[in-house]
Amino acid sequence: MDRHRSLRMTLLLAAGAAGCSSAKSRDIAVVTLAEPQAAADDAGAADDPAAPAPRPQRSAGWMQEADGTVHRASPVRCDATIAQRACAGTERSLQCRTDADCTEGPRGKCVSSFGQIGPYCGCEYACETDAECGPSEVCVCKGTGALREEHSVCAKALCAVDADCPGSTCGLSAYFNGCWEQVTLACRTKDDACQSDADCAPDANPGVACVVPDIEGESARWECAGISCAIGRPLVVEGAPRAAQPAARDDWRAPAALDVASLPPEVRERAAAHYAAVAALEHASIASFARFSLQLLALGAPAALVGEAHRAALDELEHARLAYDIASRLAGRAIGPGPLLDAAAAPVGAGVAEVVEALVEEGCVGETLGAAEGRELSRIAADPALAAALARIAADEERHAALSWRALSWMLATFGEPARAAAERAFSRAAARFAVDPAPGPLAHEALGLLPAHALGALRREVLAEVVAPCRAALPGLSRDNARAAPSSSPRGASA
């Protein structure tokens, strides 16, 4: 199974090079029932001048229009096969052992997969008909529209078929926010901000689509949306990452209801040291993105890139607060950041080569690895509050990585050879640096999201080969030689 497909596709889209992905094609699949349910009549509409225009009769099943939009004319019977290999029981981590353990959805299957700690078993769910889904849900078949899932899924349905939308259609929204896929059916209305992906200027905004990003009550609005969904970007000064020293303060904490009572004191103390270091790096990332925003302005970057950089800095502020709270709870005392002093006031360094090299090492490589690490850590963390915090941080880092690849693509197109040469140097430097495992951390404790150095090194090299290298090779002007890159020298490890 290609476990990094989602991350690779996100970053290829961000760089404007999705066509170079090794992932499978996601062409529209239109499917129908053998005996389709007829759409409801618009009887009487012709007699009422105030009624919406009658909808033309449609064929059954899922329909694709010329503008690429997909809607549902009638219910459809799906193939509920989940092709992933069944759990063997010999995997390193067992979230389930048999299909009987998978009861949160229809047709649950306990499948074998591969995560940061190696092989593991987890539940996947599929459906054949709407009846197998929950209230206000319908079954969406594999391959329908832009659906990323490799099997059918139950989707939130504010409408079930076109007949539920007078004068309009019941559209399918498959919104990947950079972390998970939110699949929704909703009526198209005159109040929508967009009608199709073409309204979202996809050439200028790779990865942005016309979707339903938010569901409020029984209504929803179609809008242009991209990656929006917690591992990160170091503040590097004179070639080394900088961070604030810890201080006894309680004003840099976001509540994370972590249960630490059952942990031995020595484990708590060493884990607290790890998360305090993580928090300090997240805190420094705020300054890193502030500097990146100034560099973008100095180089004349588009407003969208500058705006994303500022939003990323706010994300890092919340990451720091979460990590400081986790560290404080583990340590049993208040831990916060001291002053950054000269590091925050370091020269901006706005030359093209300098900016590109930092962007490649800290963003395109470092944050790509951070996103992959965080996603896996959230799966293995035993405490629900810790898992939720790690998942949030990993999701934001994937969005930050996408920003880095978008910015690199713009810089290569704008500045040509100087930017290309700088990017090549940075990718090569990163490859050499991460050919070996990182230094061991203060503690290896999978349930607390802390992996041994050898496992972390193996994961990083896998992501370099399967995500970073294809994304690098897809960028115009960059060589494909030595394409296996690695992240910056930040000691983030498997951090949050």
Mind sorting W410, W222 by how few other Cβ atoms lie within 10 Å of their own Cβ, fewest first? W410, W222
Rounded, prolate or oblate: which fits segment 377-419, taking a ≥ b ≥ c as square roots of the Cα gyration tensor eigenvalues, rounded meaning a/c under 1.5, else prolate when a/b beats b/c? prolate
Counting other beta carbons within 10 Å of each Cβ, put I393, I286 in order, fewest first. I286, I393
Lys and Arg at +1, Asp and Glu at -1: add these up for the other residues within a Cβ distance under 15 Å of E269 and post the number. +3
Ranked list, fewest to most other Cβ atoms within 10 Å of each Cβ, for V436, V468, V183: V436, V183, V468
Between S262 and R333, what FRET efficiency follows from the Cβ-Cβ distance if R0 is 25 Å, with the result rounded to 0.05? 0.85
Under a Cβ-only charge scheme (Lys and Arg +1, Asp and Glu -1), can you give me the dipole magnitude of segment 235-474 about the Cα centre, in debye to the nearest 20? 60
For I335, other-chain or 5+-apart residues with amide H closer than 5 Å (H placed, Pro excluded) are R249, S328
Out of residues 5 or more away from A157 or on other chains, whose amide H comes under 5 Å of its own, with H placed 1.01 Å from N in the peptide plane? E137, V138, L185
Net lengthening on full extension, A432/E269 (0.36 nm per residue, minus Cα-Cα): 55.3 nm
Determine the principal axes of the Cα atoms in segment 299-386, then give the extent along each, sorted from largest to smallest and rounded to whole angstroms. 45, 32, 22
How big is the gap, in Å, between the Cα center of segment 385-438 and the Cα center of segment 355-380? 6
What one gets for segment 235-474 as the Kirkwood radius, inverse of mean 1/r over different Cα pairs in Å, is 18.5
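No value in this document is a laboratory result; all are computed from the given coordinates. Keep in mind that this is a model prediction, so the values were computed, not measured. Here the Cβ is made from the backbone with ideal geometry for all residues, glycine too, and neighbour counts use every protein chain on show.
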